[in-house]
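Working notes, beginning with the structure itself.
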Amino acid sequence: MQPFASQVSFSTGVIQPSGKVIERRLSDMRGMYLDTAEYDRIMREEGDRLVYQVYPVALPEEPGQVLHCTTILYPGKVGDEYHMTKGHYHQLRDRAEVYLGLAGRGYLVLQLEDGTIDKVLMEPGTAAYVPPNWAHRTCNVGDEPFIFFAAWPGDSGHDYGTIEKLGFAQLLVDRGGQPTLVPNPRYGQG
Ligand code: PAN
Ligand code: ZN
């Protein structure tokens, strides 16, 4: 394989050239937001919002590679819950990851499989570390797109199913203008 470079726009998050861009809309996240009545109302009255996009650098997902991408997480809320990514564990649980904030403001929310939760504020220039074994999700708590760069080992794999089934133990919501973690009443219900 030959060395190469990609161009990352810090302001828009676009990577060129990129692999296939992933788009996640509200309809891709059914059941993930707590306020299902509000979710249904938005889908009915406002349509299927774009929540985030991922621009990956095209690389083989194999040991030894370092995969990298940007995520553009658009501002917004469903009820009082901030726009967020689906969130996942790595299939190989001991594979870590680095996030670098490029624009906007968000939180990285992390969880161990015993339900232990932590959160890290991310602003432009914040290098946030996802240690081995932590599920990770980002939430946009600002009014602009929250844009970050991520890099992780090529053989990590993504386990979305565990979070789709069990959820995160706590959810990040707006409480009087303050991003606040609150217990998820549906956590672990499968
Ligand atoms: C990130 C995420 C990206 C989108 O690149 O994949 O922010 O979030 P979801 O994958 O949870 O939809 C990463 O953590 N890669 O491993
Ligand atoms: Zn990851």
* Options Glu46, Glu62, Glu97; residue that is more than 22 Å from Ser18 (Cα to Cα) and acidic (Asp, Glu) -> Glu46
* Asked: Filter the range 17-62 for residues that are within 16 Å of ligand 2 (Cβ to nearest atom) and in contact (Cβ under 8 Å) with a residue 60 or more places away in the chain; which is least open to solvent (accessible area, probe 1.4 Å)?
  -> Leu59
* To do: Kindly indicate whether any position in the range 126-149 is in contact with a Cys (Cβ under 9 Å, 6 or more places away or on another chain) and without any contact (Cβ under 8 Å) to a residue 60 or more places away in the chain.
  => no
* Structure fact -> Restricted to the range 145-173 and to residues being more than 20 Å from Glu61 (Cα to Cα) and either modelled with pLDDT under 95 or not hydrophobic (A, V, I, L, M, F, W, C) (or both), the residue farthest from ligand 1 (Cβ to nearest atom) is Gln170
* Asked: within 12 Å of ligand 2 (Cβ to nearest atom), open to solvent by 60 Å² or more (accessible area, probe 1.4 Å) and either touching a residue at least 60 places away in the same chain (Cβ under 8 Å) or in a strand (DSSP E or B) (or both) - does that describe any residue in the range 68-90?
  -> no
* Asked: Just wondering, is there one or more residues in the range 91-106 that are open to solvent by less than 10 Å² (accessible area, probe 1.4 Å), touching a residue at least 60 places away in the same chain (Cβ under 8 Å), assigned to a strand (DSSP E or B) and within 12 Å of ligand 1 (Cβ to nearest atom)?
  -> no
* Asked: Which one of the conditions (1) part of a strand (DSSP E or B); (2) buried (at least 19 other Cβ atoms within 10 Å of the Cβ) does Ala151 fail to meet, given that it meets all the rest?
  -> (2)
* To do: Would you confirm whether any residue within the range 36-51 is among the hydroxyl-bearing types (Ser, Thr, Tyr) and more than 14 Å from ligand 1 (Cβ to nearest atom)?
  => yes
* For the subset of the range 119-144 comprising residues that are surrounded by 18 or more Cβ atoms within 10 Å (Cβ to Cβ) and either part of a loop (DSSP other than H, G, I, E, B) or of a type in the set (S, T, N, Q) (or both), which member is farthest from ligand 1 (Cβ to nearest atom)? -> Val141
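The values are calculated or read from the model by the stated rules, or taken from the named source; none is laboratory data. Predicted, not measured: the structure shown is a model, and the values here were computed from it. Here the Cβ is made from the backbone with ideal geometry for all residues, glycine too, and neighbour counts use every protein chain on show. Calculation scope for accessible area: heavy atoms of the full protein, side chains included, ligands and nucleic acids excluded. Shrake-Rupley method; radii C 1.70, N 1.55, O 1.52, S 1.80 Å.
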